[in-house]
Structure formats: C-alpha cells, structure tokens
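Notes to accompany the following structure.
Readers should treat all values here as calculations from the given coordinates under stated rules, not as data from a laboratory. What you see is a predicted model; the values in this text were computed from it and never measured.
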C-alpha cells in the first residue's frame, strides 16, 4: 500500500499552469486524484471551461470542504467529489488527470493509468515524476511567494521511452 500523502494544496499559479500545460478545454473531463479543497476542479471549470471535473478524495473533511466550495462556485452541475480511494475508483473517462502526490504513489498508479486511460490522455503532476515514464514537457513556475515548482506533463501513449 502506498504511503499516506499529506494534504498540501497546490498554489493557484501552479494550478493554472497545470491546466494550461494540459491544454484543458471544453472537450475535457478532468480527474484530480486527492483533490483536497477542490481548487483544481473549480479552476478547471470556471477558467478553462472543462466539460466535467471530478475529484477523488479519501479525507472526509476535505470532501466536505471541496463540496461546499463547488456549491458556492455554482458549478455543481459540472464538478463533484467522490469520497473514496483513487486506486479503487475508475478514471477511464478522464482526458486529463492531475496529481500532487509522492513519487512512490505515482509509481503505484502506473498500472491503473495503463489499464484505464485512453491514449492521448494527459497526466499532469505537480512536483513529482512518474518513474520510468517520459515527460512530454517539464515546466517550472513560481508561486506568489516566489517559490519554484516543477510541473510534469505526460501523454498516455507517448510516455514510453
């Protein structure tokens, strides 16, 4: 079983760069694995006009917080949270998957990505690589405090060396 991943929200400049890098738009269905407070889902719908945004979150407090923020943003018709373990929830409809997990968790997710995602699906990881996969692009972005963050874009079907 992969280790527990602490809740650390991605800063908004990183969120926007992740969505920009994935070329998120109206034809996309985004899944955020470990969605925390829902900021990626809300930004994806409100600023990038994705068709649907789904967060999968284990922590009930985060599920409540994200669900409330989605309701307050008035996007409940296009964004929602699944309370559960992302290893056990199907992500096969995703065209974009966003991650801010540990390298070891990304490694453990590889078989799920291989099995469930269609070729062309984009996987965007904040700070942590997917070991053994080839990145399509790597971008550094600074947050509002001037700290540097690295974002990795992978494209299913183009990810093998």
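Points worth noting:
- Estimated 222 nm signal from helices in the chain, with DSSP H stretches of n ≥ 4 weighted -39500 (n - 2.57), rounded to 500: -9000 deg cm²/dmol
- Directionally averaged projected area (region 12-155, Cα convex hull): 7.9 nm².
- Computed extension length for residue 160-residue 51: 36.4 nm, one decimal, from 0.36 nm per residue of separation with the Cα-Cα distance subtracted.
- Residue of 138, 50, 14 that the Gaussian network model of the chain assigns the largest fluctuation, springs spanning Cα pairs under 10 Å: 138
- In the elastic network of the chain, a GNM with C-alpha springs shorter than 10 Å, the most mobile of 72, 135, 93 is 72.
- Largest mean-square fluctuation among 143, 37, 28, in a Gaussian network model of the chain whose springs join Cα atoms under 10 Å apart, belongs to 143.
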